[in-house]
1. Would you please name the residue that is farthest from Gly91 (Cα to Cα), looking only at residues in region 12-46 that are hydroxyl-bearing (Ser, Thr, Tyr) and either exposed (fewer than 14 other Cβ atoms within 10 Å of the Cβ) or out of contact with any helix residue (DSSP H, G or I) (no Cβ under 7 Å at 6 or more places or on another chain) (or both)?
2. Assess whether Phe51 counts as being part of a loop (DSSP other than H, G, I, E, B) and either among the aromatic types (Phe, Trp, Tyr) or at pLDDT 90 or above (or both).
3. Looking only at region 67-87, count how many residues are over 11 Å from Ala15 (Cβ atoms) and charged (D, E, K, R).
4. How about region 1-23: which of its residues are outside any helix (DSSP H, G or I) and either touching a strand residue (DSSP E or B) at 6+ places or on another chain (Cβ under 8 Å) or over 20 Å from Arg70 (Cα atoms) (or both)?
5. Could you list, in sequence order, all residues of region 71-106 that are modelled with pLDDT of 85 or more and in contact with a helix residue (DSSP H, G or I) (Cβ under 8 Å, 6 or more places away or on another chain)?
6. If we keep just the residues of region 24-44 that are under 21 Å from Glu79 (Cα atoms) and part of a strand (DSSP E or B), which is farthest from the chain's Cα centre (by Cα)?
Amino acid sequence: AHGKILRKAKDEADARMILQTQSGSDVSIITCMIYKTPRLELLDISSTRYFFDPFDSDALERYLESGEWRGKAGACMVEGFCKSYIREVRGFESTAMGLSVEVLQTFR
């Protein structure tokens, strides 16, 4: 978001800053997948772009207090807190969850 790489937050203050960076912004989520067998090798780097509406400040504070942001890249899961703020998605949503299923299915 805004040209910054948003990693996992180290504490609640860091999570707040990361989430505020995403609020009302567009965010690209990038996932790399390597699949290798003796007969097939697949290397894929996929990107999905999310366009978020501004996060409600009270809801953001409740989310931070819940601790659900811990261990999450960007302090958020698009299927969790951020879901209701998604205005538009460009790309595969599975990419944001860590495995580009649609890409993998093309190599059956």
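The values are calculated or read from the model by the stated rules, or taken from the named source; none is laboratory data. Owing to the predicted nature of the structure, the values given are computational and were not obtained by experimental measurement. We place every Cβ from the backbone using ideal geometry, glycine too, and count neighbours over all the protein chains shown.
1. Thr37
2. no
3. Number satisfying all stated conditions: 3.
4. The answer is Ala1, His2, Gly3, Leu6, Arg7, Lys8, Ser23.
5. Scanning region 71-106 gives Gly74, Ala75, Cys76, Phe81, Cys82.
6. To start, the set of residues in region 24-44 that are under 21 Å from Glu79 (Cα atoms) comprises 24-33.
Subsequent filtering for residues that are part of a strand (DSSP E or B) retains 26-33.
Values: Asp26: 11, Val27: 8, Ser28: 7, Ile29: 5, Ile30: 8, Thr31: 9, Cys32: 13, Met33: 15 Å.
Top of the filtered list is Met33.
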